[in-house]
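Down below is the structure, laid out as structure tokens.
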Amino acid sequence: MKLKFKTCLTVACSIFLLYLAIFYWPSVSGLFKGLYTASVSIIVGAVIAYILNILMTFYERHYFPKTKKPALIKSRHPVCMLLAVLTLIAVVAIVVALVLPQFVSCIVLLVEKIPDTVGYIAQRLEDWNILTPDVVDSIVAIDWKSRMEQIIGVVTSGIGNVMDIAIGTLSSVMSVLINTLLAVIFAVYMLASKDKLKDQANRLMSCYLKDKHTASIKYVANVFDQCFHSYIVGQCTEALILGALCTVGMLLLRMPYATMIGALMAFTALVPIAGAWIGAGVGAFMILTVSPMKAVIFLLFILILQQIEGNLIYPKVVGSSIGLPGFWVLVAVTIGGGIWGVPGMIFGVPLSATLYRLIGNNVRKKENVSAQGVQEG
């Protein structure tokens, strides 16, 4: 076989680049790290744009769908984009308004009631013959208020200068706010020019790639979009159902903070499997400030609700929409959380569903080809 100069040049350049990457890895990794840091706002903006596009397409389907008036057709895109942005802002604002103020007040209340709470728990443990009276008396005799002041003093003295802490905190907050603002601006620009960006991508692929490669890329992108779209819609629906059931159940059981904890459960349920338990832990902590016994009852209620949600709601609403078996959902959440924390737990499931569908379709295609070959033989 005669080798072409272009092929030899491509191989030589690839080997040279691999050599540089191996022997100058610290510099190469630093370059990638710098690129990632610089593009965080773009990545977050693309994620926000994708989520907003789901809301935007929903509004577009219902915004005068049968009209033939040019003015309404021309206004469909900007009006639906504005409605999508306002919807997302309203959801976040409602969750923060319901959860944050009462959560802060509960922490303050819990700190104030630590002596009474500890004494109550110790007394109950003595009644159940778990602790002896001497141990209970020694626990009750502790000056918990002064202990808390000592702990706070040790923490603040060990951290350093208060002014340095304030400047560092302000700098971090400003950095997060600026990155968030840039991400939102980028997301809006992406949504405003999504049709143009799609057309440019198609033109680039048609010019620089072969037809079969273009078809493969479009196929993978389509499967990716289907899995992520179904997962986001299904997960949000499941979170709303779980939050509503939690709120109704707590109201029937006369639990405190029913509306707020229901909103918190719906928000944390966006994280697969572990999210609801995170919300349950925070909810039990808040109810503990009112009544330890009600906190125990709340945890039992959540345990029953989780069984209903895990066996009935989640498989029907989310599992069937993404086509990923429960075992692989657990694997995706575990590995994704280990690699990238909470974002990995959230995005690990749709990524796994995409790979699962692509591999499954490829396996079925090869099996059909093999079966046809056997029949022809």
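The values are calculated or read from the model by the stated rules, or taken from the named source; none is laboratory data. If you're wondering where the values come from, they're calculated on a predicted model, not measured in any experiment. With ideal geometry, Cβ positions are generated from the backbone for all residues, glycine too; neighbour counts draw on all protein chains shown.
Table for the structure above
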item: Any pair with Cβ under 7 angstrom, 6 or more apart, that starts in the range 356-370 at a residue that is closer than 18 Å to Y231 by Cα and ends at one that is of a type in the set (V, I, T); result: R357/V223; L358/V220; L358/V223
item: Complete set of residues in the range 38-60 that are within 17 Å of V79 (Cα to Cα) and over 19 Å from the mean Cα position of the chain (by Cα); result: M56, T57, F58, Y59, E60
item: Residue, nearest to the chain's Cα centre (by Cα), within the range 182-214, restricted to residues that are outside any helix (DSSP H, G or I) and over 26 Å from G45 (Cα atoms); result: L209
item: Test: residue in the range 293-302 that is at positive phi, modelled with pLDDT of 85 or more, over 16 Å from the mean Cα position of the chain (by Cα) and not aliphatic (A, V, I, L, M); result: no
item: Of all residues in the range 259-282 being under 12 Å from the mean Cα position of the chain (by Cα) and surrounded by fewer than 19 Cβ atoms within 10 Å (Cβ to Cβ), the one that is modelled with the lowest pLDDT; result: A274
item: Matching residues in the range 58-73 - criterion: being aromatic (F, W, Y) and surrounded by fewer than 16 Cβ atoms within 10 Å (Cβ to Cβ); result: F58, F64
item: Matching residues, the range 320-337, being surrounded by fewer than 19 Cβ atoms within 10 Å (Cβ to Cβ), at pLDDT below 80 and either outside the structural domain of S352 (by TED's automatic domain parsing) or part of a helix (DSSP H, G or I) (or both); result: S320, G326, F327, W328, L330
item: Output for the range 215-229, where each listed residue is over 15 Å from the mean Cα position of the chain (by Cα) and either within 25 Å of I313 (Cβ to Cβ) or of a type in the set (S, T, N, Q) (or both); result: S216, N222, D225, Q226, C227
item: Filter result for P256 (modelled with pLDDT of 85 or more and not in a helix (DSSP H, G or I)); result: yes
item: All positions within the range 232-256 that are closer than 30 Å to M56 by Cβ and among the small types (G, A, S); result: G234, A239, G243, A244
item: Yes/no for M250 being modelled with pLDDT of 85 or more, out of contact with any Cys (no Cβ under 9 Å at 6 or more places or on another chain) and surrounded by fewer than 18 Cβ atoms within 10 Å (Cβ to Cβ); result: no
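Yes or no, residue by residue, for (1) surrounded by fewer than 16 Cβ atoms within 10 Å (Cβ to Cβ); (2) modelled with pLDDT under 85; (3) part of a helix (DSSP H, G or I); (4) of a type in the set (V, I, T):
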position	(1), (2), (3), (4)
V44	no, no, yes, yes
Y50	no, no, yes, no
N53	no, no, yes, no
M56	no, no, yes, no
S75	yes, no, yes, no
M81	no, no, yes, no
L86	yes, no, yes, no
